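Following: one structure in structure tokens, then a few remarks.
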Amino acid sequence: MFKRKKAPIEIEDAIKKKLKGDAQTNALDFLAFTRENDISLNGDGNGGDWSGWAVGGTVGDSIGYMIVNGAKKFPGPWTIWLNSCDFEDSADDALKEAAWAHASPCGKCHEGWEDCGGGARTIFGRKFDRLCHSPLMFTNPDAQTLEYAKKLILMLK
């Protein structure tokens with residue numbers, strides 16, 4: 001007997017199903033931001049309990065990555081990672097502080113983590129010893145933090 005492959009979860013459906021309150025509002029706001037700025041969100045198509053979306057490209061060749069899983073612990077209920085921190089130094093102090101506050105230390109999250117592309121990075125002039133290969137992470141961002149994430153994404157676009 002053939003097994004039917006689950007259809008990929010659409011991002012709006014995942015947001016509405018898995019998030020409530022401010023988390024849902026902020027995630028939908030982020031989705032609107034991506035559309036207004038011609039930043040693609042490509043799903044991973046796994047159709048499982050969570051789905052990931054590449055922000056501004058495909059996984060591996062994107063500005064970042066986002067998941068919506070509704071979980072109460074990391075990386076939920078929703079998280080945005082940025083794959084680069086190569087910004088020009090022209091940001092205001094508040095944006096720099098937000099970026100520094102969301103620097104993502106290497107969590108040794110998979111086998112072969114030593115070779116994943118993380119390591120020492122500089123974000124707006126501040127050096128960090130060992131960051132994830134996706135050096136910035138915004139987990140369940142509030143409205144203000146989301147505004148900073150959007151500014152950073154536009155700087156990488």
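FYI, it's all coordinate maths here, none of it is from the lab. As the structure is a prediction and not an experimental result, all values here were calculated from the model. Glycine also receives a Cβ, built like all others from the backbone with ideal geometry; neighbour counts cover every protein chain displayed.
Figures for the structure shown
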{"read-out": "Interchain or long-range residues, amide H under 5 Å from GLY118's placed H", "value": "HIS133"}
{"read-out": "Residue exposure sequence - SER84, SER90 - by fewest surrounding Cβ within 10 Å", "value": "SER90, SER84"}
{"read-out": "The stretch 57-111: proportion of alpha-carbon pairs further apart than 19 angstrom, %", "value": "44"}
{"read-out": "Kirkwood Rh and Cα Rg combined as Rg over Rh, evaluated for the stretch 11-156", "value": "0.94"}
{"read-out": "Ascending count of other beta-carbon atoms within 10 Å, so fewest first, for TRP113, TRP81", "value": "TRP113, TRP81"}
